[in-house]
Amino acid sequence: MFNLNNLTRNNIKNLTPYSSARDEFKGEASVFLDANENSLGSPLMKWFNRYPDPYQWKLKEAIRNVKGINIQNIFLGNGSDECIDLLYRCFCNPGKDNIIICPPTYGMYEVSANINDIEIRKAPLMDDFQLDLIHLEHLIDANTKIIWVCSPNNPTGNSINHHDIEMLLNNFNGLVVVDEAYINFARQKSFVSLLEEYPNLVVLQTFSKAWGLAALRLGMAFASADIITILNNVKPPYNINQASQELAIKALEEVGQVNDMIKEIVAMREALSQVFSSLPFVEKVYPSDANFLLVKIKEARKVYEYLLTKGIVVRDRSNVTLCDSCLRITIGTEKENTLLVDALLEMGG
Ligand SMILES: *Cc1c(COP(=O)(O)O)cnc(C)c1O
């Protein structure tokens, strides 16, 4: 049986969290002399002189209204990267516990585990880029705390079979973290609707991709209220700055515009996929549920370097497990995609 108490590190269970001025006084007042801010203001806008809301209530309300997720199930991090680090610091004992990743996948799960001195076990994806459940099962032991599943996966672009993820959720007593950074571009449904059903589920999403707000640094973790409470106790008190909170609320009012961009990007992805497939030096264009394409190319490194001479930067993944001779190409604007295709045609010709 999953037991969050057993999963949580002792030092975190016993922690007295930092209590900020904003925590200690929550009522109505007009004179705030409790946080050593500059009461006179700032050279920028007036509201930058005050510390931001440590729990981002208004922003979470706006997220609830768009995504239909209860506020108590929402945690916000300074990018998903902060959520990843916090999950390690809350649930994994350095030098003792282990986690499992399924490469090729997002690099931060491994880097962040190394920073936290957590052992990394690897169950590479199979040739079809799906989970190797048998290998996963063999790697799990009593100290396995987290299994990372990225769906749609970066850099392969495919969604992981829903049924396989549920298999993990049903049989693994640690956390299954489903990173849905690219979910808005996918055919597959989000796992957030299963939060009630699985106390060991954590879903990560981000404002960095479909929402077009990579510079704001805003990541979301959705999980049980108990998990969210633990993350809140450990995070730095003011981890989401005021500008990001205000701007994200504004962006959430424009969900229609974001949905239009998503449709446009998906349409261009399909069109580009067709064009790439027709090029003589392209060996395979993998199906994508994300805003990028993984393309297997003859002499990938040479093509990468040729594109650089044209001022076009793509991601060379040719040295990554299962991605031999592959480039990962983000869908650009119509104009950028045309420049890319023209450059490739010129090279092939
Ligand atoms: C881009 C990306 C993220 C986003 O990270 P942020 O810190 O929120 O910008 C998370 N996971 C994956 C798999 C990604 O590709």
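The values are calculated or read from the model by the stated rules, or taken from the named source; none is laboratory data. Because the structure is predicted, anything quoted here is derived from the model rather than measured. When we count neighbours, we look across all protein chains shown, and the Cβ atoms used for this are built from the backbone with ideal geometry, even at glycine. To get the accessible areas, we keep the full protein, side chains included, count just its heavy atoms, and leave off ligands, DNA and RNA. Shrake-Rupley method; radii C 1.70, N 1.55, O 1.52, S 1.80 Å.
Remarks
- Tally of residues being part of a strand (DSSP E or B) and either touching a residue at least 24 places away in the same chain (Cβ under 8 Å) or open to solvent by 80 Å² or more (accessible area, probe 1.4 Å) (or both) across region 312-342: 6
- Restricting SER30, SER80 to residues that are open to solvent by 10 Å² or more (accessible area, probe 1.4 Å), within 22 Å of SER224 (Cβ to Cβ) and among the polar types (S, T, N, Q) narrows the list to SER80.
- Spans of helices (runs of 4 or more DSSP H) in region 1-111 with at least 3 residues modelled with pLDDT of 95 or more and of a type outside the set (Phe, Trp, Tyr): 4-7, 10-13, 57-67, 80-91
- Taken over region 101-116, residues that are without any contact (Cβ under 8 Å) to a residue 12 or more places away in the chain and crowded, with 16+ Cβ neighbours inside 10 Å amount to 1.
- The one condition from (1) on the phi < 0 side of the Ramachandran plot; (2) within 19 Å of the chain's Cα centre (by Cα) that TYR55 does not meet is (2).
Okay, residues lined up against (1) of a type in the set (Lys, Arg); (2) more than 18 Å from ASP289 (Cβ to Cβ):
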{"site": "LEU168", "(1), (2)": "no, yes"}
{"site": "VAL176", "(1), (2)": "no, yes"}
{"site": "GLN188", "(1), (2)": "no, no"}
{"site": "TYR198", "(1), (2)": "no, yes"}
{"site": "LYS209", "(1), (2)": "yes, no"}
{"site": "ALA215", "(1), (2)": "no, yes"}
{"site": "LEU218", "(1), (2)": "no, yes"}
{"site": "ASN241", "(1), (2)": "no, yes"}
{"site": "VAL258", "(1), (2)": "no, no"}
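- Looking across ALA271, ALA248, one residue alone is more than 16 Å from the ligand (Cβ to nearest atom) and either surrounded by 20 or more Cβ atoms within 10 Å (Cβ to Cβ) or of a type in the set (A, V, I, L, M) (or both). It is ALA271.
- Residue count for region 134-148 under the criterion of being aliphatic (A, V, I, L, M) and over 20 Å from GLU180 (Cβ atoms): the result is 4.
- When region 212-221 is limited to residues that are in a loop (DSSP other than H, G, I, E, B) and near the ligand (Cβ under 10 Å from one of its atoms), the one that is farthest from the chain's Cα centre (by Cα) turns out to be LEU213.
- Residues of region 193-211 that are crowded, with 19+ Cβ neighbours inside 10 Å and either at pLDDT below 95 or within 13 Å of the ligand (Cβ to nearest atom) (or both): VAL202, VAL203, LEU204, GLN205, THR206, PHE207, LYS209, ALA210, TRP211.
- Residues in region 294-311 that are hydrophobic (A, V, I, L, M, F, W, C) and open to solvent by less than 50 Å² (accessible area, probe 1.4 Å): LEU294, VAL295, ILE297, ALA300, VAL303, LEU307.
- With a requirement of 3 or more residues that are away from the ligand (no atom under 16 Å from the Cβ), the strands (runs of 3 or more DSSP E) lying completely within region 115-192 that satisfy it span 119-122.
- If you go through region 267-304 and keep only what is of a type in the set (Ser, Thr, Tyr) and touching a residue at least 24 places away in the same chain (Cβ under 8 Å), you end up with TYR286, SER288.
- Selection status of VAL295, touching a Cys at 6+ places or on another chain (Cβ under 9 Å) and either among the charged types (D, E, K, R) or outside the structural domain of PRO155 (by TED's automatic domain parsing) (or both): yes
- Taking every residue in region 222-234 that is free of Cβ contacts under 8 Å to residues at least 12 places away in the same chain and hydroxyl-bearing (Ser, Thr, Tyr) and pairing it with any residue that is open to solvent by 10 Å² or more (accessible area, probe 1.4 Å) and not in a loop (DSSP other than H, G, I, E, B), at least 6 positions away or on another chain, the pairs with Cβ-Cβ distances below 9 Å are THR229/GLN72.
- Set side by side, the residues ASN98, ASN49, ASN36, ASN65 differ, and just one is open to solvent by 50 Å² or more (accessible area, probe 1.4 Å), more than 15 Å from the ligand (Cβ to nearest atom) and free of Cβ contacts under 8 Å to residues at least 60 places away in the same chain, which is ASN36.
- Among the conditions (1) open to solvent by 10 Å² or more (accessible area, probe 1.4 Å); (2) more than 16 Å from the ligand (Cβ to nearest atom); (3) closer than 12 Å to PHE222 by Cβ, the only one that LYS60 does not satisfy is (1).
- Some residue of region 222-234 being over 27 Å from PHE91 (Cβ atoms) and away from the ligand (no atom under 12 Å from the Cβ): no
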